[in-house]
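Engineer: Sharing a structure below in C-alpha cells format, with a few things to ask.
None of the figures in this text is laboratory data; all of them are computed from the coordinates on show. Values in this document were obtained by computation on a predicted structure and should not be read as measured data. Note that each Cβ is placed from the backbone with ideal geometry, even for glycine, and that neighbours are counted across all protein chains shown.
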Amino acid sequence: MKYLLRKLGSFVATLCVISILVFLALQVLPGDPAILILGTEGDPAALEVIRDRLGLSDPPLIRYGQWMFGVLQGDFGESIRYNVPVSSLLIRALPVTLGLALLGVGVAIVIAIPLGISCAIHKGQLVDNLGLILSQLGMAIPAFWMGILLMQLLAVRYGLFPPGGYVGAFSLVLPGLALALPRAAVLTRMVRSSMLQTIEQDYVRTARSKGLTEFIVLYKHALRNASINIFTVAGIHLTQLLAGTIIIEQVFSLPGLGQLLLAGVLQRDLPLVQGLVMVGAALILFSNLVFDLVIVVLDPRIQFD
C-alpha cells in the first residue's frame, strides 16, 4: 500500500512538472503567439480576438493557474483551429490511439511467446535458426514500411481490410499488425533468452520428473518466471506506442492523437497541443504504474519498500 501511495504521489508530481514545462514551452515563446497563428499579415482585429481567447493579456502565472484549474475540471480550453472544446477532440481521438497501442503490444506478445519458446527448446536447430532470421528481419523493417506492405497486400490486392480511414475497430487491424510485427521480433528474442535461462533451473527439472506434460512445464512453470522480463519490455513498447503512433496514423489516415497533435503543431493551435501533451503524459505514466503492479502479481517475491 505504501508503494502504491508513493507511486500515485510521484504520478501527480510528475504531471505537475510536465504541465509547467508544457505551459512555459508554448506560452513563453519569443514573439506573439497570435502572430504565429495568423501570420504577419493577419488582421489586427483578428489578432486581438486570438489574444483574448488565449488570455495573453494576463500575467503568465495567472494564465497557468487558470489553465490548470480548467484541466482539473476536464476543460482543456477551446481549439483555435476546430472551434470546439479540446476535450471533445481528445475523446474522439483517444480510443483510436489507445486501441492501436494495445492491439500492437497484445498481438506482439501473442506472436512472440510461442515463437520464442519454440526457439528456446529447439536451440541450434532449424526452428531456432528460422525464428532468429525472422526476428532479425522484423527488427530491420520499419513499422511504416511494414504498414505499406500490409496495405498493398491485404487491402489493395486482396481487399480483406480497409486500406485507410477509420470506420470502426476493424480499421485498426492492419495498422495494429504493422506496429506489432517489429515489436514481436524484439520480444521473441527476449522470450528465447529468458526461457533458455529458465528451463535449466532445478524446479523445471523437478516438474518434468513429476510426469507433467511439456506444455504445463513450459507455459505454467517456466514461463511464469520468464514473463517478468517479457512484460517489462512489453510495457516499454506500450509507452512508446502511446507516444509514437503518429507515423502509422499518417500512413493509414487514422484520426488518432498523433494526427491531432500534428495538426495542432502545424496550425499553432496552442490549447490543443497543451491538452494532447498532458493527456499523452498521463497515459504513459498510468501505463508504467499498471505494468509495475502486473510484475508484482506475476512474481510475489518482489517486494517494494
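Engineer: Can you tell me the length gained on complete extension of the stretch Asp58 to Cys16, counting 0.36 nm per residue apart and subtracting the Cα distance?
Structural biologist: Once the chain is fully extended between Asp58 and Cys16, it gains 13.0 nm.
Engineer: Given H placed 1.01 Å from N in the peptide plane, which residues other than close sequence neighbours of Glu78 have an amide H under 5 Å from its amide H?
Structural biologist: Those qualifying (amide H under 5 Å, at least 5 residues apart or on another chain) are Val86.
Engineer: Per the Debye formula with a single identical scatterer at each Cα and no solvent contribution, what log10 I(q)/I(0) holds for the stretch 2-78 at q = 0.17, 0.18, 0.20 Å⁻¹?
Structural biologist: Log-scaled intensity ratios, in q order: -0.75, -0.81, -0.94.
Engineer: Now a separate question. Which value in nm describes the separation of the simple spin-label points at Arg157 and Met68, placed 7 Å from the Cα toward the beta carbon?
Structural biologist: In this crude label model, Arg157 to Met68 measures out at 5.6 nm.
Engineer: Points 7 angstrom from Cα along the Cβ direction at Leu47 and Phe215: gap in nanometres?
Structural biologist: Reported label-point gap for Leu47 and Phe215 is 7.3 nm.
Engineer: Extending each Cα 7 Å along its Cβ direction at Leu137 and Phe170, get the distance between those two points in nm, one decimal.
Structural biologist: Label-label distance for Leu137 and Phe170, simple model: 2.9 nm.
Engineer: Karplus couplings for the stretch 70-77 from phi (6.51 cos²θ - 1.76 cosθ + 1.60, θ = phi - 60°), rounded to Hz, Gly and Pro as x?
Structural biologist: These are the phi-based 3J(HN,Hα) values: x, 4, 5, 9, x, 10, 9, x Hz.
Engineer: If r is the Cβ-Cβ distance from Phe286 to Asp128 and R0 is 45 Å, what FRET efficiency results, to the nearest 0.05?
Structural biologist: Efficiency at R0 = 45 Å is approximately 0.75.
Engineer: Taking the Cα centre of the chain as the origin and placing charges on Cβ (Lys, Arg +1; Asp, Glu -1), which of Ala143, Tyr82, Gly116 is farthest toward the positive end of the dipole?
Structural biologist: Gly116
Engineer: Moving on to the next point. Under a Cβ-only charge scheme (Lys and Arg +1, Asp and Glu -1), can you give me the dipole magnitude of the stretch 97-298 about the Cα centre, in debye to the nearest 20?
Structural biologist: Value, rounded to 20: 400 debye.
Engineer: Pick out which of Thr198, Thr206, Thr188 has the largest mean-square fluctuation in a Gaussian network model of the chain, springs linking Cα atoms closer than 10 Å.
Structural biologist: It is Thr206.
Engineer: When we measure straight from the Cα of Lys123, which aspartates and glutamates land under 15 angstrom away, once same-chain ones fewer than 8 places off are left out?
Structural biologist: Within the straight-line cut-off, Lys123 pairs with Glu200.
Engineer: Same structure, new question: Over all pairs of distinct alpha carbons, what does the Kirkwood formula give as the hydrodynamic radius of the chain, in Å?
Structural biologist: Roughly 22.2 Å, rounded to one decimal.
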